[in-house]
Structure formats: C-alpha cells, structure tokens
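The structure under discussion appears below in the form of structure tokens.
The values are calculated or read from the model by the stated rules, or taken from the named source; none is laboratory data. The model shown is predicted, which means the values in this text are computed figures rather than measured ones. All Cβ positions, glycine included, derive from the backbone under ideal geometry; neighbour counts span all protein chains shown.
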C-alpha cells in the first residue's frame, strides 16, 4: 500500500520480496559506514513484518522507498517511536537508509521532506527528531536541508553502544509543528 508519493518516489508498506534487497543493502561496506553491524536475512524478513505491523498500528514506521520510474526498492525511510534509554525519549524519529547505488540522487532529502510533512501535518505530531553519529555529515546535511535544527544541548552518547565505540557520539536535530508551518509561508 502506498502511503506517500513524491515526484520520483513511492513510500509504501514493505512486500515479502523486499527482504532480499534489504539484506543486500545491509551488507554493503558503504552502507555500514555509520551502522554498528550488518543484518542477517532472517532479520531482514523480520524487518518487513515488523515495519508493516507498526504502520498498521500507528500509521507510520519505516516505509519501503521505491523509485517510481524503475520500480526498484532503493531503501527505507520513515518515522519510528523512540523510547528509553535514549535521553530525549519519548520521541518520534525520522530516519533513512538508502542503498549505496542510490546515494547522491536527492532521494533521501525528497523522501524525508515528504515524511516530515506527513508526520507534522497529516499525523499532527508535535515534534520530530533525528539523530546520527557525529561524523555522519551526509545525514546531518539532509536534516538541515529539510529544515531541522541541531539541538547542541541534546548531543548524546548512543545508549546501545559502548561509550568508546567509534559510533557512540551522536548529534540530535529537531523540528516542531510550529517551525514546520512557519517554514511553509
């Protein structure tokens, strides 16, 4: 089921056959640069089921991102609930994970803008956050392009990683509904 449509992308529920490209994407060293580990094929299959269950329950989760023109699955993008032990919890996070061959095409920015609008306008969420590792400048640039602002006081050590892990130091970005609607004028 298509949830959001942009000029070049369809953001939809996942299909069973999406597990294979999710798995392959999660094995690429470029993709894993800012992720702590690869996933197994079993985890990819569980991801498809779990995201669809959360979409049915909440109206959001990470959506499958399909390139309109080719029908190719290019990754996932969407919203997730963030709970303890994250220091800014409870919150709703926006995030994206696109396969390396689709980087640099503007898909993450295009899809993230649409998801941000969906969350703040359609779902009526009060605020959406985003976080990434301090050295992931590509994702930080996307956060800035879609209008999010860095919360320097909110920077944190990722609670699910050892403090000395290379990916532990994280930065936090935010956008609330008021800021979103002001940016539309």
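Based on this model, can you work out whether residue 95 counts as surrounded by 14 or more Cβ atoms within 10 Å (Cβ to Cβ), at positive phi and in contact with a strand residue (DSSP E or B) (Cβ under 9 Å, 6 or more places away or on another chain)? No, not satisfied. Of the residues 137, 173, the single one that is surrounded by 15 or more Cβ atoms within 10 Å (Cβ to Cβ), within 28 Å of residue 31 (Cα to Cα) and modelled with pLDDT of 95 or more is 173.
Is it the case that residue 88 is in contact with a helix residue (DSSP H, G or I) (Cβ under 8 Å, 6 or more places away or on another chain) and at pLDDT below 95? So residue 88 fails the test.
Contact annotation: residue pairs with Cβ atoms under 7 Å, 6 or more positions apart or on different chains, pairing a residue in the stretch 56-75 that is on the phi > 0 side of the Ramachandran plot and modelled with pLDDT of 95 or more with a partner that is surrounded by 23 or more Cβ atoms within 10 Å (Cβ to Cβ) and assigned to a helix (DSSP H, G or I), are 75/25.
Given the options 38, 44, name the one that is surrounded by 13 or more Cβ atoms within 10 Å (Cβ to Cβ), modelled with pLDDT under 95 and either under 24 Å from residue 122 (Cα atoms) or touching a helix residue (DSSP H, G or I) at 6+ places or on another chain (Cβ under 8 Å) (or both).
Working: 44 fails: modelled with pLDDT under 95.
It is 38.
Quickly run through the stretch 148-160 and pick out the residues that are touching a strand residue (DSSP E or B) at 6+ places or on another chain (Cβ under 9 Å) and either more than 21 Å from residue 107 (Cα to Cα) or modelled with pLDDT under 95 (or both). Residues satisfying the conditions are 150, 151, 152, 153, 154, 155, 156, 157, 158.
Comparison of 112, 153 shows that the only residue that is part of a helix (DSSP H, G or I), under 26 Å from residue 36 (Cα atoms) and touching a residue at least 24 places away in the same chain (Cβ under 8 Å) is 112.
Of the residues 174, 141, 166, only one is closer than 24 Å to residue 85 by Cα and touching a helix residue (DSSP H, G or I) at 6+ places or on another chain (Cβ under 9 Å); which? Result: 174 is the single residue among 174, 141, 166 that is closer than 24 Å to residue 85 by Cα and touching a helix residue (DSSP H, G or I) at 6+ places or on another chain (Cβ under 9 Å).
Residues that are in contact with a strand residue (DSSP E or B) (Cβ under 6 Å, 6 or more places away or on another chain), free of Cβ contacts under 8 Å to residues at least 40 places away in the same chain and either surrounded by fewer than 20 Cβ atoms within 10 Å (Cβ to Cβ) or closer than 25 Å to residue 22 by Cβ (or both) do not occur anywhere in the stretch 118-132.
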